[in-house]
1. Using θ = phi - 60° and the Karplus form 6.51 cos²θ - 1.76 cosθ + 1.60, what ³J(HN,Hα) does each residue of the stretch A:231-241 get, whole Hz, x for Gly and Pro?
2. If R₀ is 22 angstrom, what is the calculated FRET efficiency for the pair A:ASP133 and A:SER155, using the beta carbon separation as r and rounding to 0.05?
3. For the stretch A:77-212, just the Cα atoms, rotate onto the principal axes and tell me the three extents in Å, largest first.
4. On average, how many beta carbons from a partner chain sit within 10 Å of the beta carbon of a residue in B:224-230?
5. Would you mind counting up the charge near A:ALA206? Only other residues with Cβ under 9 Å from its Cβ, with Lys and Arg at +1 and Asp and Glu at -1.
6. State the volume of the convex hull built on the alpha-carbon positions of chain B, expressed per residue in Å³ and rounded to an integer.
7. Calculate, for chain A, the solvent-accessible area per residue in square angstrom, rolling a 1.4 angstrom probe over the heavy atoms of the protein chains.
8. Mind pulling the angle between the C-alpha long axis of helix B:109-144 and the longest principal axis of chain B? Nearest 10 degrees, somewhere in 0 to 90.
Amino acid sequence: MTAPFLQVKDLQVSFPTDDGLVRSVNDVSFGVARGETLGIVGESGSGKSVTSLAIMGLLKGAKRSGEIWLDGISLLDASSEEVRKLRGRKMAMIFQDPLSAMHPFYSVGQQIIEAYRIHHRVTKAVARKHAIDMLNRVGIPRPDKRVDDYPHQFSGGMRQRAMIAMALSCDPELLIADEPTTALDVTVQAQILDLIRDLQRDFNTAVILITHDLGVVSELSDNILVMYAGRAAEYASAEDLFTAPEHPYTWGLLGSMPRLDAEPTDRLLQIKGTPPSMINVPAGCAFHPRCPYADLASRTLVPPLTEVAPGHRVACHIPVEERRRIWQHDIRPAVEGGR
Amino acid sequence: MAGFVIRRALGAVLLLVVTSMVTFAIFFVVPRLAGQTVDQLAAQYVGKDPSQAEIEATKVKLGLDQPITVQYGRFVKGIVAGREYSFGPSTEYCPPPCFGYSFKTQRPVWPDLVDRMEVTASLAFGASVLWLLAGVSIGVLSALRKGSFFDRAAMITALAGVSLPIFFTGLLSLALFLPTGVSYVSITDDPLAWAKNLLLPWITLAFLYAALYARLTRAGMLETMGEDYIRTARAKGLPERIVVTRHALRATLTPILTVFGLDIGLLLGGAVLTESTFSLPGIGRYAIDAINNNDLPQVLGVTMLAAFFIVVANLIVDLLYAVADPRVRLS
Ligand SMILES: Nc1ncnc2c1ncn2[C@@H]1O[C@H](COP(=O)(O)OP(=O)(O)OP(=O)(O)O)[C@@H](O)[C@H]1O
Ligand code: SF4
Ligand SMILES: [Mg+2]
């Protein structure tokens, strides 16, 4: 079997700060093939953005270790100039807030043209035509007019479309979307997600879709990585994750997905408390202060990420049989009863 | 955009009108409210030890015996269209902008101000080029190398620059480099001598402002470099050089150019300290002398001129800002 297009192995990212070393990402591994989507899910501060920025080489003052392979190139060994040339052309990224992510002083067209012309030796006129094509492609009406508009003249959804047009202008093979819909209202969210899926099909792009909402990734993802406090809690195919999840944190996320009835969620399913501070990560399993199943081992030992089925990995001390029993008897009825 | 320009221009005109009212009030109304009699007021426009006859003549000449509104009307008319003063039997026409006649020289104020303007403008523009180049480049380098030796050295120097008074740095530099002092030579007479003589005043004045601008630029760059759109620029694969110039510097410079325009406007009204320190016959020196001689028409002229420059600088800055920032232009 050949390695997937993007392969991340034992990635660690830490920031030296005044309060000590912040280990934002610990031993995270995953792979994404062309045409495939990986969803990364987790609460605020779980290390989703840091992981993606580490791939893009956009972290300042961070220490990265482990391996990141993009189409056979080791990104951690490549020079910063080599990585720069890959950015935009081979890997691109879209961000949560398209208003602040676009330069306020340049028109949308200028920004797309700039992105295109760094990697292609073409005249401004050719690049402009390309920019209009891209705007058309992402569903912006009258693209030949809107190309000269400034970001603040676009609506939120249109801005994110323009951002996507800019990111895809050089036909990148990897697209990282960091919470692309969080700043948008629900109907627009769905449109943007549809757009990403359609474009992915057309371009056969590898996509990493980051969100804190399992519902967003459920339809689009082939695989899902659930992160907690900088570590992988569970990593599985989307199907396994929704039909046979084994990590108590994943159960909590499933339980907190929007429900059809208004009944309060089962007590077991609610994730109590708040995410840990990355400066004072709880010992053992970082989730233990909030986990209803925590035991002595949880408080002292970091649970290893172990394969419980082909392609399905879980980091939890509860024995596999016991986890499956809890899922079948306690969690699943509650989760599914709520739908 | 056209509407925007017209709105701002009208605003500036209005501001000038208000300025003229305030200036008029300060010179002609407030003293009366403070209890001065018309005679006392008129006496100030005659010179030292006036006789009663002179006072009476001045009252008529300046129209101080007229109602305030008429006086203000004449004041404004003098500025925009010129006015006539009657000296006993003869009348004399004071061409616009007329601020009256100096007590001391008996000449109209305006032509003297124009003469002085060349000195002040030479000083302001030369210094501003220096400080803009030095301040912005030092600020950018400091921000990019935050915490480095260069950054610390530059910021300590900048702190000295903003805290040392001009007359100190000016006199020190004169003593060190040009003990004979400077004498102004007009640029039209001898450009080389013009620049040679102004070099020291330029550097002295620029040192103060460069320090200010270096700090402004550094702070602005540090803030801008943390913006999301800088991350986007890098994510596109732009070389760092372009990220810094086209993206970060462009956003940082816009507010700095605003400050720059206002500083120039302020300086054109007279670089009082620099001109005094280097004995340059500019607007600032003129103002000081006018105040020392209690030459009210001169003081009034300088005041209106300085206000004019500030209002115009404000207008230009507003318009430039709209050109630079589409969010202003299109809202
Ligand atoms: N430059 C930095 N210096 C120090 N710590 C950092 C830095 N960047 C991120 N971190 C820390 O790394 C942790 C992970 O941050 P990250 O932005 O990846 O979270 P996230 O999962 O994307 O959260 P969100 O859903 O809020 O976007 C956080 O605790 C954050 O404080
Ligand atoms: S290891 Fe313990 S605390 Fe962590 S998820 Fe499993 S049961 Fe809960
Ligand atoms: Mg994030």
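The values are calculated or read from the model by the stated rules, or taken from the named source; none is laboratory data. Being a predicted model, the structure only gives us computed values, none of them experimental. Cβ sites come from the backbone with ideal geometry, for glycine too, and all protein chains shown count toward neighbours. Quick note on the areas: whole protein, heavy atoms, side chains included, nothing else; ligands and nucleic acids left out. Shrake-Rupley method; radii C 1.70, N 1.55, O 1.52, S 1.80 Å.
1. Working through the residues one at a time gives 10, 7, 8, 8, 9, 8, 5, 4, 5, 4, 5 Hz.
2. 0.55
3. Largest to smallest, the principal-axis extents are 40, 34, 28 Å.
4. 4
5. Net of charged neighbours comes to -1.
6. 186
7. The answer is 44 Å² per residue.
8. 20
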